[in-house]
Amino acid sequence: MSIPRQPMPEQDPLERRANFFEVAQGFTPEMAKQEAERCLQCKDTPCVQGCPVEVPIAEFILALRSGDVQEAARIIKSKNNLPAVCGRVCPQESQCELVCTLGKRHEPVAVGRLERYVADWELGQGGELPEQPEPTGRKVAVIGAGPAGLTCAADLAKMGHQVEVFESLHAPGGVLIYGIPEFRLPKEVVRAEVDYVCKLGVEIHLNSVVGKLYTIDELLNSKGFDAAFLGTGAGLPIFMRIPGVNLIGVYSANEFLTRTNLMKGYLFPEYDTPVLVGDKVAVIGAGNVAMDAARCALRIGTLQSAERGEDPPEVHIVYRRSRQEVPAREEEVHHAEQEGIIFDFLTNPVEVLGNDKKQVAGMRCIRMELGEPDASGRRRPIPIEGSEFDMDVDTVVMALGTQPNPLVFADSGGLERTQWGTVRADEETGQTTKGRVWAGGDIVTGAATVISAMGAGKQAAANIDRFLRSDGKDAGE
Amino acid sequence: MYSILKKEVLSEVNKLMVLEAPEVARKAKAGQFVIVRIDENGERIPLTIADFDRQEGTVTIIFQEVGKSTMKLGTLGAGAAVSDLVGPLGNATEIEDYGTVLCVGGGVGIAPVYPIARALKEAGNTVLGIMGARTCDLLFWEEKMRSVCDELIVCTDDGTYGRMALVTQPMQEILSARDDVSRVWAIGPAIMMKFCVRTAEPFEVPVIVSLNSIMVDGTGMCGACRVLVGGETKFVCVDGPEFDGRFVDWDLLLARQRIYLTEEKQAKEEWLEEHTCRAVER
């Protein structure tokens, strides 16, 4: 007799199109227990290897099963400093749940949902702190309070080092706070997770742009830090090189999401930053960011049009490849489809058309077909000659990916970069070509996932710790 | 929180504030700006650095009350504080000994022009200054400008102070009368900068302008501030804020400044309704 995978209670799609409340509502204790029972407690536990931060998954599930949620939390936190975040946003389907032994014959154990359950429970309790370590007297500067930086900082603090984080925005979290929407990751959860990191002794300096307020060299020298970790992510937006990208109504996904999530534009005028969505929105791209932008546009447009007694907007995802190649997390695509987002596959914009007021009046697109795989392994999209057509849109959001923001490197030499602007860093250790500087997350890999950034933060923390304890004789120089 | 140490009312709509921001003051240079957020619900707005004191650890801003955020900011006084202040942002003015330079400040643009003129003077330039505003009340810092300019012309559109002229008139005269002006700075409302560039055109001299696009983060991550300069997309916050005005697509800048006009108007009206002194109405 096998227990089926517990479905996650979710807000109804038609209802949730008009609000920013969390879509996935979380397991009840009964559901969590049922789901935990499904785990075979197999010997090999491939799930642990499947996890970029090696959460002892089978172990925490066992503790959960026996009713000791606190112990389950302790086990998770031994490896993962932000479990309430990861349980919600990790692409488990390509990580732990992909290799789950149960998954060979049945649906895999819902590891992510269980992690979320435990993490949320713990946040509700106020959270336990690990034992205070012996201070080492060494100081590390972490640049960027996103997933990589927060993880690196938390781990270093747990090892006894003094950590100060320099964040350029007015709130910590990085993509967790400006990129991922409220309905996927409530900001209250992010705040609580960040609070935990601060309780470990990490000091976060907000409104501190490294490259402007301080340089990396200054931090390492005059400011007395023994080492630095670069976790500034990939925050530079990419615009298509087509005519019309500067017209009114064209946004980078970064701007659109920052106005919406960080600045709470969907609550204008209660919050002062506005964000505008017209009647017909086209989001270009099909990654997680594109899904987020499309679903935010739908909600904002629905709320704004309801006030005017008008119909909700039509929101399109315009993607040059097909459904099969869509890189977004499966659950996000599924939720987007449920919410009525229209997917225009094998379509690519060639020009954004404007009116005499420089506003978006439409978008000229071309149909695509798939050829041989390119360097990324995905089939190359090829334009079909003569297939141009005009799409009726008034808002365009470019969600094509992002690159590292070069601001952080100002006046600090020695950091070798690739042609894409990413920092060259050792895959195992996170060491860069600059002495005493490590890097991890999107600044090294280009735009990727929260969990891989966290994994990199962990690795770098371990390596920085080794360096600090060896008095500079070991890694780093 | 960043404390307001001093507040000066320059006119009904222009206010000056000295803010406590020692780290920003330490690094601030002429031409740069800061982003300010008043409180939790506030928007992030860019404001040019009008002055800074590295010893005292302060940064001075001058702003014109044009909408809700600036009006709200204007109600704060010494002892109050703003939630966030980020800086110094943008590229500093390229200060060199150019020989003779002309600095034109229009309206609230006088504020960023002052530290630039000062830095140019310190670098050995002969600094010719023009400062203008619509009317007498909107002028400020004449003494400060005089202290850093070798020659200074003050004008008002309506003649209520100084010479009755738009800044472009003395600009035209100076550039016609002498051939030694190697560089011009013109800072003020976009339309003023556009016309200064047009005025200087026949004289083939670089006209450095400081663009005041809408911004959100101010650090290059969103592109809200993008403009076309020489046909290329540039971000005002990281590629600017100064550009050679001869290559700026002014129509696009002006259009993009008006994206949220309706929302700005709504917010301003709601603010005024809530905060206009009822006594005045009686």
Scan of region A:370-397 for residues that are basic (K, R), touching a residue at least 12 places away in the same chain (Cβ under 8 Å) and open to solvent by 90 Å² or more (accessible area, probe 1.4 Å), ordered by number: A:R379
Region B:58-69, residues that are within 11 Å of another protein chain (Cβ to nearest Cβ) and in contact with a strand residue (DSSP E or B) (Cβ under 8 Å, 6 or more places away or on another chain): B:S69
Top-ranked residue in region A:417-435 [being out of contact with any helix residue (DSSP H, G or I) (no Cβ under 6 Å at 6 or more places or on another chain), farther than 16 Å from A:T232 by Cβ and in contact (Cβ under 8 Å) with a residue 12 or more places away in the chain; ranked as most open to solvent (accessible area, probe 1.4 Å)]: A:E428
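Looking at region A:220-238, which of its residues are more than 7 Å from every other protein chain (Cβ to nearest Cβ) and open to solvent by 20 Å² or more (accessible area, probe 1.4 Å)? Spell out the reasoning first.
From region A:220-238, those more than 7 Å from every other protein chain (Cβ to nearest Cβ) are A:220-234, A:238; that's our starting set.
If the condition is that a residue be more than 7 Å from every other protein chain (Cβ to nearest Cβ) and open to solvent by 20 Å² or more (accessible area, probe 1.4 Å), then A:N221, A:S222, A:K223, A:G224, A:D226, A:T232, A:I238 are the ones that fit.
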Inter-residue pairs, beta-carbon under 8 Å, first within 7 Å of another protein chain (Cβ to nearest Cβ) and in region B:253-267, second part of a helix (DSSP H, G or I) and among the charged types (D, E, K, R), 6+ apart: B:A267/B:K68
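Looking at B:R226, B:R198, B:R163, can you tell me which residue is open to solvent by less than 10 Å² (accessible area, probe 1.4 Å) and among the charged types (D, E, K, R)? Steps first, please.
Values: B:R198 fails: open to solvent by less than 10 Å² (accessible area, probe 1.4 Å); B:R163 fails: open to solvent by less than 10 Å² (accessible area, probe 1.4 Å).
Being open to solvent by less than 10 Å² (accessible area, probe 1.4 Å) and among the charged types (D, E, K, R) holds for just one of B:R226, B:R198, B:R163, which is B:R226.
Can you tell me which residue within region A:392-424, out of those that are under 24 Å from A:A328 (Cα atoms) and of a type in the set (A, V, I, L, M), is farthest from the other protein chains (Cβ to nearest Cβ)?
Top of the filtered list is A:V393.
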Every residue from region B:43-70 that is in contact with a Lys or Arg (Cβ under 6 Å, 6 or more places away or on another chain) and surrounded by fewer than 18 Cβ atoms within 10 Å (Cβ to Cβ): B:R54
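Restricting to region A:273-293, name every residue that is of a type outside the set (A, V, I, L, M, F, W, C) and either closer than 23 Å to A:F343 by Cβ or open to solvent by 20 Å² or more (accessible area, probe 1.4 Å) (or both). Reasoning before the result, please.
The first filter runs over region A:273-293 and keeps only residues of a type outside the set (A, V, I, L, M, F, W, C), leaving A:273-274, A:278-280, A:285, A:287-288, A:292.
Answer for region A:273-293, where residues must be of a type outside the set (A, V, I, L, M, F, W, C) and either closer than 23 Å to A:F343 by Cβ or open to solvent by 20 Å² or more (accessible area, probe 1.4 Å) (or both): A:G278, A:D279, A:K280, A:G285, A:G287, A:N288, A:D292.
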Matching option when the condition is assigned to a loop (DSSP other than H, G, I, E, B), at negative phi, of a type in the set (D, E) and at pLDDT 95 or above, among B:D217, B:D251: B:D217
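Return a yes/no flag: does region B:21-33 have any residue that is at pLDDT 95 or above, assigned to a strand (DSSP E or B) and either surrounded by fewer than 24 Cβ atoms within 10 Å (Cβ to Cβ) or more than 13 Å from chain A (Cβ to nearest Cβ) (or both). Don't jump to the end; show me each part of the working.
Start the filter on region B:21-33 by keeping residues that are at pLDDT 95 or above, which leaves B:21-33.
Now narrow it down to the ones that are assigned to a strand (DSSP E or B): B:33.
Imposing the further condition that a residue be either surrounded by fewer than 24 Cβ atoms within 10 Å (Cβ to Cβ) or more than 13 Å from chain A (Cβ to nearest Cβ) (or both) reduces the set to none.
No: region B:21-33 contains no residue that is at pLDDT 95 or above, assigned to a strand (DSSP E or B) and either surrounded by fewer than 24 Cβ atoms within 10 Å (Cβ to Cβ) or more than 13 Å from chain A (Cβ to nearest Cβ) (or both).
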Of the criteria (1) closer than 25 Å to B:I214 by Cα; (2) more than 14 Å from chain A (Cβ to nearest Cβ); (3) not in a strand (DSSP E or B), which one B:Q55 fails: (1)
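Can you confirm whether B:S213 is within 13 Å of chain A (Cβ to nearest Cβ), hydroxyl-bearing (S, T, Y) and surrounded by fewer than 22 Cβ atoms within 10 Å (Cβ to Cβ)? Talk me through it step by step, then tell me what you get.
Working: within 13 Å of chain A (Cβ to nearest Cβ): yes; hydroxyl-bearing (S, T, Y): yes; surrounded by fewer than 22 Cβ atoms within 10 Å (Cβ to Cβ): yes.
Against the criterion (within 13 Å of chain A (Cβ to nearest Cβ), hydroxyl-bearing (S, T, Y) and surrounded by fewer than 22 Cβ atoms within 10 Å (Cβ to Cβ)), B:S213 qualifies.
If you go through region A:326-341, how many residues are open to solvent by 30 Å² or more (accessible area, probe 1.4 Å) and either over 16 Å from A:M398 (Cα atoms) or in a helix (DSSP H, G or I) (or both)?
We begin by selecting, within region A:326-341, every residue open to solvent by 30 Å² or more (accessible area, probe 1.4 Å); these are A:327, A:330-331, A:334, A:337-338, A:340.
Filter once more, keeping what is either over 16 Å from A:M398 (Cα atoms) or in a helix (DSSP H, G or I) (or both): A:330-331, A:334, A:337-338, A:340.
The total comes to 6.
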Residue match in region A:444-461 (condition: outside any loop (DSSP other than H, G, I, E, B), open to solvent by 50 Å² or more (accessible area, probe 1.4 Å) and over 30 Å from A:K139 (Cβ atoms)): no
Selected residue (criterion: nearest to A:P406 (Cα to Cα)) from residues of region A:246-263 that are at the interface with another protein chain (Cβ under 8 Å from one of its Cβ atoms) and in contact with a Ser or Thr (Cβ under 7 Å, 6 or more places away or on another chain): A:N254
Number of the exception - B:L73 against (1) open to solvent by less than 40 Å² (accessible area, probe 1.4 Å); (2) in a strand (DSSP E or B); (3) touching a Lys or Arg at 6+ places or on another chain (Cβ under 9 Å): (2)
So A:L400, is it assigned to a loop (DSSP other than H, G, I, E, B), in contact (Cβ under 8 Å) with a residue 40 or more places away in the chain, under 26 Å from the mean Cα position of the chain (by Cα) and more than 19 Å from A:F166 (Cβ to Cβ): yes
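Here are B:G105, B:G109, B:G90: which of them is in contact with a strand residue (DSSP E or B) (Cβ under 7 Å, 6 or more places away or on another chain), within 14 Å of another protein chain (Cβ to nearest Cβ), closer than 17 Å to B:V209 by Cβ and open to solvent by less than 10 Å² (accessible area, probe 1.4 Å)?
Values: B:G105 fails: within 14 Å of another protein chain (Cβ to nearest Cβ); B:G109 fails: within 14 Å of another protein chain (Cβ to nearest Cβ).
The conditions single out B:G90.
Looking only at region B:230-247, count how many residues are within 14 Å of another protein chain (Cβ to nearest Cβ), crowded, with 21+ Cβ neighbours inside 10 Å and part of a strand (DSSP E or B).
So the first thing to find is which residues in region B:230-247 are within 14 Å of another protein chain (Cβ to nearest Cβ), and the list is B:230-241.
With the extra rule that they be crowded, with 21+ Cβ neighbours inside 10 Å, the set shrinks to B:235-238, B:240-241.
With the extra rule that they be part of a strand (DSSP E or B), the set shrinks to B:235.
Result for region B:230-247: 1.
Each row is one residue, and each column tells you yes or no for (1) of a type in the set (K, R); (2) under 13 Å from B:V108 (Cβ atoms); (3) free of Cβ contacts under 8 Å to residues at least 24 places away in the same chain.
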residue: B:K7; (1), (2), (3): yes, no, no
residue: B:L10; (1), (2), (3): no, yes, no
residue: B:V13; (1), (2), (3): no, yes, no
residue: B:L19; (1), (2), (3): no, no, no
residue: B:K27; (1), (2), (3): yes, no, no
residue: B:V34; (1), (2), (3): no, no, no
residue: B:V59; (1), (2), (3): no, no, no
residue: B:I62; (1), (2), (3): no, yes, no
Residue match in region A:147-163 (condition: within 14 Å of chain B (Cβ to nearest Cβ), in contact (Cβ under 8 Å) with a residue 12 or more places away in the chain and surrounded by fewer than 24 Cβ atoms within 10 Å (Cβ to Cβ)): no
Extreme residue, nearest to A:E332 (Cα to Cα), among residues of region A:172-210 that are within 13 Å of chain B (Cβ to nearest Cβ) and open to solvent by less than 20 Å² (accessible area, probe 1.4 Å): A:G179
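The values are calculated or read from the model by the stated rules, or taken from the named source; none is laboratory data. On a predicted model such as this, the values are computed, not experimentally measured, just so you know. As a convention, Cβ positions derive from the backbone with ideal geometry for all residues, glycine included, and neighbour counts pool all protein chains shown. Just the protein is used for accessible areas: all its heavy atoms, side chains included, with ligands, DNA and RNA removed. Shrake-Rupley method; radii C 1.70, N 1.55, O 1.52, S 1.80 Å.
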